[in-house]
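*Asks:* Below is the structure I would like to discuss, written out as structure tokens.
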Amino acid sequence: KNEVEQSPQNLTAQEGEFITINCSYSVGISALHWLQQHPGGGIVSLFMLSSGKKKHGRLIATINIQEKHSSLHITASHPRDSAVYICAVTGNQFYFGTGTSLTVIP
Amino acid sequence: KAGVTQTPRYLIKTRGQQVTLSCSPISGHRSVSWYQQTPGQGLQFLFEYFSETQRNKGNFPGRFSGRQFSNSRSEMNVSTLELGDSALYLCASSWGSSDGEQYFGPGTRLTVT
């Protein structure tokens, strides 16, 4: 049983495209995190959300607590956005999605 | 401000041995969490320490243990290593609790042969 489900698992986009990654969860949470991991690299926290919407540059994250769903949007995608994006939630412990591998082609 | 540091970065151990990994959080952060990342299982939560007390624990066997010192530095120990323990072990620190923004270290790559 996966407490956090992400889709799609893999995503290939052309540079400039608008990208959406979805995350659904089944447990009660106090916060939802979007993380980015580059190949061979460490993990960077992109967003931490407990409600509503947040925006950092070209990245936007939204969460709907009632529907237990969050989305990560990347506007005007760029090859440097190529990475694995991981959704995680904190309830009584940390639960992670399996990640979405994004490749942006120039 | 220095980031989260983990030592060692790479480690090779033999089945049956034990290993200790170290994590130094960002200065001022009091919460340290540990995670295991494998290709098959992805990221999994091991445990979280706050002010030297284990606050939350994931679903790992008792061979996995940890502790936190008064300066917030943390160690995790794995005893009686198994081949399946080969993984990237990550720690992350946050100011107050695991609800807060997590700052991840570069990880320790453990290989068990």
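*Asks:* Within the range A:56-79, is even one residue of a type in the set (D, E, K, R) and touching a His at 6+ places or on another chain (Cβ under 9 Å)?
*Replies:* Yes: the range A:56-79 contains one or more residues that are of a type in the set (D, E, K, R) and touching a His at 6+ places or on another chain (Cβ under 9 Å).
*Asks:* Additional query: Can you name every residue in the range A:64-88 that is over 20 Å from B:Trp34 (Cα atoms) and within 14 Å of chain B (Cβ to nearest Cβ)?
*Replies:* The answer is A:Ala83, and nothing else.
*Asks:* Looking at (1) surrounded by fewer than 21 Cβ atoms within 10 Å (Cβ to Cβ); (2) touching a Phe, Trp or Tyr at 6+ places or on another chain (Cβ under 9 Å); (3) assigned to a strand (DSSP E or B), which is the only condition A:Cys87 fails?
*Replies:* All conditions are met except number (1).
*Asks:* Sticking with this structure for a sec: For A:Ala61, work out the one condition from (1) more than 14 Å from chain B (Cβ to nearest Cβ); (2) more than 17 Å from B:Gly42 (Cα to Cα) it doesn't fulfil.
*Replies:* (1)
*Asks:* Go over the candidates A:Gly91, A:Gly41 one by one and state the one that is in contact with a Pro (Cβ under 9 Å, 6 or more places away or on another chain) and within 13 Å of another protein chain (Cβ to nearest Cβ).
*Replies:* Being in contact with a Pro (Cβ under 9 Å, 6 or more places away or on another chain) and within 13 Å of another protein chain (Cβ to nearest Cβ) holds for just one of A:Gly91, A:Gly41, which is A:Gly41.
*Asks:* Evaluate the following for B:Ser74: is it over 11 Å from the mean Cα position of the chain (by Cα) and of a type in the set (Gly, Ala, Ser)?
*Replies:* Taking the combined requirement at face value, the residue does not satisfy it.
One line per residue, one yes/no per condition, for (1) modelled with pLDDT under 95; (2) under 29 Å from A:Asn2 (Cα atoms); (3) surrounded by 12 or more Cβ atoms within 10 Å (Cβ to Cβ):
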| site | (1), (2), (3) |
| --- | --- |
| B:Ala2 | yes, no, no |
| B:Thr14 | no, no, no |
| B:Val19 | no, no, yes |
| B:Pro25 | no, no, yes |
| B:Arg30 | yes, no, yes |
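*Asks:* Next question, about the same structure. Which residues, taken from the range B:67-97, are part of a strand (DSSP E or B) and away from chain A (no Cβ under 14 Å)?
*Replies:* B:Arg67, B:Gln68, B:Ser74, B:Glu75, B:Met76, B:Asn77, B:Val78
*Asks:* Residues that are within 19 Å of B:Tyr35 (Cα to Cα) and among the β-branched types (Val, Ile, Thr), at least 2 per element: which strands (runs of 3 or more DSSP E) completely within the range A:19-59 meet that?
*Replies:* So the answer is A:43-49.
*Asks:* Another question, then. Looking only at residues that are surrounded by 19 or more Cβ atoms within 10 Å (Cβ to Cβ), at the interface with chain A (Cβ under 10 Å from one of its Cβ atoms) and touching a Gly at 6+ places or on another chain (Cβ under 8 Å) in the range B:44-65, which one is farthest from A:Gly99 (Cα to Cα)?
*Replies:* B:Phe47
*Asks:* While we're on this one: Can you tell me which residues in the range B:71-113 are modelled with pLDDT of 95 or more and either among the charged types (D, E, K, R) or in contact with an Asp or Glu (Cβ under 8 Å, 6 or more places away or on another chain) (or both)?
*Replies:* B:Arg73, B:Glu75, B:Val78, B:Glu82, B:Asp85, B:Arg109, B:Leu110, B:Val112
*Asks:* Restricting attention to the range B:67-113, which residues are surrounded by fewer than 16 Cβ atoms within 10 Å (Cβ to Cβ) and of a type in the set (A, V, I, L, M, F, W, C)?
*Replies:* B:Phe69, B:Leu83, B:Trp95
The values are calculated or read from the model by the stated rules, or taken from the named source; none is laboratory data. Note that this is a predicted model, so its numbers are computed, not measured. Reconstructed Cβ throughout: ideal geometry from the backbone, glycine too, with neighbour counts over all protein chains shown.
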